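In what follows, a single structure is set out as structure tokens and then discussed.
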Amino acid sequence: MNSAIQHDRFSKLNLLLYLFIIIIFWLTTPFQFDQPIKVRDGTVMGNLSVVEKLQGGKTSRQIALVCLGVFAVASLVRPNRNRLRINGALGWFVTLYALWILYSIVWAPDKVFTAKRIITFVIMLISCVAIAERSRLLELYCLVFFLTFVAVTLGLGNEIRLGTFNPPDPYWRLSGMVHAIHLGWLAGLLSLSSMAMMDLASPKYKKILWCVVFYGLLVLFWTKSRMALAACVIGIMTFYYLRTSLHNKAITFSYVVALLCLLVLYYGSDISNMLISVFTLGRAEGTKETVGSLSGRTFLWSACLEFAADKPLVGYGFNSLLGPANIEAIADIAGWPANSTHSAFVDSIVGLGYIGFTMLVSIFILSLKKGFRLARINSNYTFFASVMAWWFFNSFLETDLVTRANIPSFIAWLVVARMAFVDNRKTI
């Protein structure tokens, strides 16, 4: 009887935590009900709008971050908590990276703007450590599943509600209440978390979880986010590689080679056009013209690295180069306004210098290595390796998964925190 009461109380506490986290990220992301209309109408911010957005800050977002920080600190100082520790090189590099981020305010030209970015990241990282410390493995997976399922389903529902849901239109992309790429990240993580829960959840839920896997992939395909889809495929391949026998891997490889040969035979000299069409996910012709420049990212990176050359060792402060002071000059060079560098690696160079870049790359490599090692010891940890592969690949073309307070970034750092600071022998 006592165990039943404790389980019921435990479940209620978990549900309250899940609701608290989703509310926090609802306010910090933020989710916008009119996002599908903006996408449909092609509303793009100009330089002035971007500057105003960077300079501003919603009170609700600030309150949410304070609440998240208070919760994290209270959780970490509570009695009878699990003991945290630095797990090898990964733990040390995450610690040094966080300290280097804090120290970057010393040389940042715009100290107020940099301080806001630092505080946001530090609060998110501490909250990740706090939740990783108090969560068993299944609870952590349930949290990821809950956050992504709610966000994806609300986004799809909002698109249908507004009447903008139109898959046959080559110009249409499913965005829900966030950018289409962001929704693609959420959908990919939903599929990966559903796969991870199959062995830990009750067998009666397996069919439901498989349905959710395909639901996430369908939503991801509708976002027409090439990088998000490719990263999800890599995550699934990592999951499959770690969970499948050598015999089944050989069979799968044979099928893939046979399929590629058939495609070459069928399309002949048109194979390159077919591959471009697949790569652009059926988006309008104008999209194909931007494939070579990665949708204009290469011009942006060149502009950012020109600035980085002046401060190669320490940079301009954490996630701060594209602040109000530089955004217009960089937009003139790149040819379009952007409020991020669209690459976590470029951002680490321009924000934290090559010292910070080395730390971040080390975190990625060590996280992948630790995820693979844990998965080989215990297959229930395969999710860690697949998410790290997903995170690493996405970070080549996006910054927000490393620097910003949003659900996908939170999940990635949550996995890192679990591997870096929590005893992974803890009960599943």
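The values are calculated or read from the model by the stated rules, or taken from the named source; none is laboratory data. The model shown is predicted, which means the values in this text are computed figures rather than measured ones. Note: ideal-geometry Cβ built from the backbone for every residue, glycine included; neighbour counts use all protein chains shown.
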Need pairs with beta-carbon distance below 8 Å; first residue in contact (Cβ under 8 Å) with a residue 60 or more places away in the chain and over 20 Å from TRP107 (Cα atoms) and within segment 339-351, second assigned to a helix (DSSP H, G or I) and among the hydrophobic types (A, V, I, L, M, F, W, C); sequence gap 6+ or separate chains. ASN339/VAL50; ASN339/LEU54; ASN339/ILE327
Flag if GLY176 is within 22 Å of THR244 (Cα to Cα), of a type outside the set (A, V, I, L, M), in contact (Cβ under 8 Å) with a residue 40 or more places away in the chain and touching a Pro at 6+ places or on another chain (Cβ under 9 Å): no
Considering only residues that are within 22 Å of the chain's Cα centre (by Cα) and among the hydrophobic types (A, V, I, L, M, F, W, C), which ones fall in segment 305-324? PHE318, LEU321, LEU322
Taking the condition part of a helix (DSSP H, G or I), under 15 Å from THR399 (Cβ atoms) and at pLDDT below 95, does VAL361 pass? no
Do we have any residue at all in segment 417-425 that's over 18 Å from PHE121 (Cα atoms), touching a helix residue (DSSP H, G or I) at 6+ places or on another chain (Cβ under 9 Å), hydrophobic (A, V, I, L, M, F, W, C) and in a helix (DSSP H, G or I)? yes
Answer from LEU189, LEU242 - the residue that is buried (at least 23 other Cβ atoms within 10 Å of the Cβ) and more than 24 Å from ILE37 (Cβ to Cβ): LEU189
Checked against (1) at pLDDT below 75; (2) surrounded by 17 or more Cβ atoms within 10 Å (Cβ to Cβ); (3) among the β-branched types (Val, Ile, Thr); (4) more than 30 Å from PRO170 (Cα to Cα), ILE5 satisfies every condition except (2)
SER320 - would you say it is among the polar types (S, T, N, Q), out of contact with any His (no Cβ under 6 Å at 6 or more places or on another chain), at pLDDT 80 or above and surrounded by fewer than 17 Cβ atoms within 10 Å (Cβ to Cβ)? no
Single condition HIS179 does not satisfy, out of (1) crowded, with 22+ Cβ neighbours inside 10 Å; (2) at pLDDT below 90; (3) closer than 30 Å to ALA308 by Cβ: (1)
Residues of segment 337-346 satisfying the condition of being buried (at least 23 other Cβ atoms within 10 Å of the Cβ) and either under 16 Å from LEU102 (Cα atoms) or among the hydroxyl-bearing types (Ser, Thr, Tyr) (or both): THR341
Does segment 331-352 contain at least one residue that is assigned to a helix (DSSP H, G or I), over 18 Å from the mean Cα position of the chain (by Cα) and among the polar types (S, T, N, Q)? no
